[in-house]
Amino acid sequence: MLNYIWFAMIAVSVLVGIATGRIDAVTDAAFNSAKVAVELAIGLIGIMALWLGIMQVAEKAGLINALARGIRPLARWLFPEIPDGHPALGSIVMNMAANILGLGNAATPMGLKAMQELQELNPEKDTASNAMVTFLAINTSSVQILLPATMVGLIGAASGALFIPIIIATSVSTIVAITAAKWLEKRKAFIQTPPSGEEA
Amino acid sequence: MDGFINIINQASSYIIPLIIVLIPAYALFRKVKVYEEFVEGAKEGFTIAVRIIPYLVAILVAIGMFRASGAMDYMVTGLEPILSIIGFPPENLPMALMRPLSGSGSLGLLSDLVNQYGVDSLFTRIGATMYGSTETTFYVIAVYFGSVGIRKTRHAIIAGLLADMAGALSAVYICKLLFT
């Protein structure tokens, strides 16, 4: 899927760039974006280190496991492949809690930790597991309750009126995300090939 | 309502420092060697950040080229007639298309809406609701899957884009319902 989308975007960009005489801008954008990507990743190192350090302390104190046990009923339904009490559940909950509170800086490291723990349970290391896709779908649909700080910065006091519409719209998108992930994972085109994906 | 929002937004500035102090405090109480464990966990930060670089380059280059070539603008023009049938304002189409691709791009579009129509206009409110209700799908997929070396993403993109579409459409209809 990503192979086709990725190639289509690049091919269309070059063709349109030639047709509109903006091919130089396209070239510049390619080099510039590559540079930005590395800067973004490097900028992430410090924040990642800070949160992963705090997470390690929380894990050793038994906090992550306690959290994972607390949301077991919901998590069992969302992620049936994750065994009871597995640390992945704790990281997923921490990631969601950080997202809900609008703490994007904290959400990413916790989400990446959850991905590593999900990867341990994944039978095919280069292919996404059902739990990973469901987790990502929830993440991309954004579950936040607090308004994003960038938006409040632009709109100011008028953003107060947007509180309700954003909560409704984000709930709709999260419900669609979960439904789509759960429904698509069993379709022929997407089902995971090893026996692990066959039950249910 | 405004007071409530204020309290929530104020509280958010205390959440992070409280997390940073309360977790080690509890851990210390449980006899955990907090400093050593912190350093142990922090070590992973570097490897994860470096591992996502190739994935991030691939995605951001494609998106950057797509925007610079003007292909994005053609897509907007092409989709306009279809969307007017379902009552989707063409002014908000760029935001709906940009949101899954680029966080900074969609923030730029939002500030453009504010400049052109003002903070209280329906277009700005719809655009802001779209901005606030979904995430940058392609970035999240590149970073999260990249961090564990997953190349076959199965249904992740379709599920993410369906969620984005649902978020964008509900932003339009909810704002029309509430503000007109």
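The values are calculated or read from the model by the stated rules, or taken from the named source; none is laboratory data. Keep in mind the model is a prediction, meaning the values are calculated, not measured. Glycine also receives a Cβ, built like all others from the backbone with ideal geometry; neighbour counts cover every protein chain displayed.
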Being surrounded by fewer than 24 Cβ atoms within 10 Å (Cβ to Cβ), of a type in the set (Asp, Glu) and at the interface with chain A (Cβ under 9 Å from one of its Cβ atoms) is the filter here; which residues of the stretch B:106-155 pass it? B:Asp120
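Can you name every one of the helices (runs of 4 or more DSSP H) wholly within the stretch B:95-170 that holds 3 or more residues which are of a type outside the set (A, V, I, L, M, F, W, C) and under 22 Å from B:Tyr55 (Cα atoms)? I'd like the intermediate steps shown before the answer.
Details: elements: B:103-117, B:122-133, B:137-147.
Fully inside the stretch B:95-170 and qualifying: B:103-117, B:137-147.
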Among B:Val61, B:Val21, the single one that is within 30 Å of A:Asn3 (Cβ to Cβ), modelled with pLDDT of 85 or more and of a type in the set (A, V, I, L, M, F, W, C) is B:Val61
